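Visitor: Before I ask anything, here is the structure I am working with.
Taken together, the values in this text are just the output of simple stated rules run on the coordinates, not laboratory data. Please read all numbers here as calculations on a predicted model, not as lab measurements. Heads up, the Cβs are rebuilt from the backbone with ideal geometry, glycines too, and the neighbour counts pull from every protein chain shown.
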Amino acid sequence: MSKKLEQLVTTAQAMVAPGRGILAIDESMGTIKKRFDAVGIENTEDNRLDYRSMMLTADGLGEHISGAILFDETIRQKMPDGTRLVDAMNDAGILPGIKVDKGAKDMAGFDGEKITEGLDGLRERLAEYVELGAKFCKWRAVITIGDDIPSRSCIDSNAHALARYAALCQEAGLVPIVEPEVLMNGTHDLDTSFDVTEATLKSLFQQLYEQNVMLEGTVLKASMVISGDQADNRASTQEVAEATVDCLLNSVPAAVAGVVFLSGGQGDVEATEHLNAMNQLGELPWPLSFSYGRALQEGCLKEWAADPKANRASAQKILLHRARMNGLAAQGEWGSDLEG
Ligand code: 5MM
């Protein structure tokens, strides 16, 4: 194996090391505005820096957080004392990652479906991110469940784009996180979520194979197999855990370095509980960990927003707690009594 491929494998394994997971703080401008609006914070560059640097400099975060996914603005930012955020992350043992997709856009000819854009000029952008210190990347595809959707075209087009992105990342020496998110919004049941997730993952791994992507140097960011958020009789924790693991075993090759989950709108403790239940099911071919956005940030954001200066330390404490809870869940060692 070449030095470059070896390095990819080493990085991918570090991202999913036992008891560690990934902090997703790569909200695009529209998404961070929504999050800030909800807690009464103005969406300015200074506030985004203050909030995100507060999280990344929480003392001891690296114990349970192996890496953080940044937005383009964040990877270039410096803190008021002149330290680059990326340098602070390296000092804390947190790998810098970067979101490189340009967002999910309406898919022409397919009402209600999305296709993720961002391949044009990607090789050049990746070269710059390497210079800026990135070690891994993320690209998110969005698959919506509804009447007569998703279509085969939507699933396959997104899988194709994910695979082309992943090949370019590995060429640049960056580990690709491939994230085909099956949205949990809707009234669908667990079986529908299972079928759509299975079809999406099978298409993704077929495309990754066709584009010569090395799976040992790839991390899958998956959505859990879960009832729609508006469904009647939503499936239990155990049912979600079993269905998700069955679905992954059916569709994800053992060579993949690891699987990390997105939270997708689940409550913070709910996301921890699901991950823990999966890791209690026994030996699996890959580590199962977390790459939550909302489920890691929710409490921390609320606390910080109430008084960004005075609550900095208490907000960090909330984030550290959630990171630790999820680190335990990634090993099947979490219990509700630890929530406090
Ligand atoms: C943090 O949010 C990420 C960026 O979203 P947008 O491009 O829509 O602004 C998102 O991709 C996130 O990494 C994943 O969805 C996981 O976050 P959740 O909140 O679902 O755990």
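Visitor: If we count every other residue with Cβ under 13 angstrom of residue 231's Cβ, Lys/Arg +1 and Asp/Glu -1, where does the sum land?
Guide: Working: positive: 234; negative: 189, 191, 229, 232, 239.
Spelling it out: positives minus negatives among the neighbours equals -4.
Visitor: Shifting gears a bit: In nm, what is the difference between 0.36 nm times the number of residues separating residue 302 and residue 76 and their Cα-Cα distance?
Guide: Residue separation times 0.36 nm, minus the Cα-Cα distance, leaves 78.8 nm.
Visitor: Using the count of nearby Cβ atoms within 10 Å as a rough guide to exposure, how do 8, 320, 119 rank from fewest to most?
Guide: 119, 320, 8
Visitor: Give me the distance in nm between label points sitting 7 Å out from Cα along the Cα-to-Cβ direction at residue 281 and residue 63, one decimal.
Guide: Rounded to a tenth, the inter-label distance reads 3.0 nm.
Visitor: Going by average Cβ neighbours within 10 Å, how do the peptides 55-62, 135-142 rank, with the highest at the top?
Guide: For the peptides 55-62, 135-142, the packing ranking is 135-142, 55-62.
Visitor: How far apart, in nm, are two points set 7 Å out from the Cα along the Cα-to-Cβ line at residue 7 and at residue 239?
Guide: 4.8
Visitor: Right, here's the next one. Can you tell me the order of 125-131, 266-272 when each peptide is scored by its average per-residue count of other Cβ atoms within 10 angstrom, highest first?
Guide: Details: 125-131: 15.9, 266-272: 20.0.
Ranked from most to least packed, the peptides come out as 266-272, 125-131.
Visitor: Let me ask another. On the Cα set of the stretch 112-174, report Rg and Dmax in Å, please.
Guide: Here Rg and the maximum Cα pair distance are 13.9, 45 Å.
Visitor: So, counting K/R as plus one and D/E as minus one, what does the shell of residues with Cβ under 12 Å around residue 39 add up to?
Guide: My count for the surroundings of residue 39 gives -1.
Visitor: On full extension of the chain, what length is gained from residue 47 through residue 209, given 0.36 nm per residue of separation minus the C-alpha to C-alpha distance?
Guide: Values: separation 162, 0.36 × 162 = 58.32 nm, distance 4.21 nm.
Result for the pair: 54.1 nm of gain on full extension.
Visitor: For the stretch 195-269 and the stretch 107-139, what is the centre-to-centre distance using only Cα atoms, to the nearest Å?
Guide: Taking the Cα centre of the stretch 107-139 as reference, the centre of the stretch 195-269 is 21 Å away.
Visitor: Could you work out, for the stretch 190-307, what percent of all Cα-Cα pairs fall into each 10 Å distance bin, beginning at 0 Å and stopping at the bin that holds the largest distance?
Guide: In whole percents, the pair-distance histogram is 13, 42, 31, 12, 2, 0.
Visitor: Turning to a different aspect of this structure: What fraction of the DSSP beta bridges in the stretch 3-332 is antiparallel, stated in percent and rounded to the nearest 5? Before the final figure, lay out the partial values.
Guide: Working: 5 of 33 bridges.
Bridges in the stretch 3-332 that DSSP calls antiparallel: roughly 15 percent.
Visitor: Next question, about the same structure. Hey, can you grab everything whose amide H is under 5 Å from the amide H of residue 137? Only 5+ residues off in sequence or another chain; H modelled, so Pro and N-termini drop out.
Guide: 98, 175, 177
Visitor: In nanometres, what is the gap between the two model label sites at residue 232 and residue 153, each 7 Å from Cα along Cα-to-Cβ?
Guide: 3.4
Visitor: Counting only Cα atoms, I'd like the Rg/Rh figure for the stretch 66-170, Kirkwood definition for Rh.
Guide: On the way: Rg = 16.4 Å, Rh = 15.2 Å.
Value, to two decimals: 1.08.
Visitor: Beyond 16 Å, what percent of the Cα pairs of the stretch 41-85 remain?
Guide: For the stretch 41-85, the share of Cα pairs beyond 16 Å comes to 38 percent.
Visitor: Something else now. Let me know the number of lysine pairs in the stretch 1-113 closer than 20 Å at the Cα, not counting same-chain pairs under 8 apart.
Guide: Step by step, the pairs that qualify in the stretch 1-113 add up to 7.
Visitor: Continuing with this model, one more query. Just tell me which lysines come within less than 21 Å, Cα to Cα, of residue 202; anything on the same chain fewer than 8 places away is out.
Guide: Straight-distance partners of residue 202: 114, 138, 221.
Visitor: Does anything in the stretch 212-229 have its amide N under 18 Å from the 7 Å Cα→Cβ label point of residue 111, and if so which residues?
Guide: Inside the label zone: nothing.
Visitor: Tell me, what are the semi-axes, in whole angstrom and largest first, of the equivalent ellipsoid of the chain as set by the roots of 5 times the Cα gyration tensor eigenvalues?
Guide: Over the Cα atoms of the chain, the ellipsoid semi-axes are 28, 24, 21 Å.
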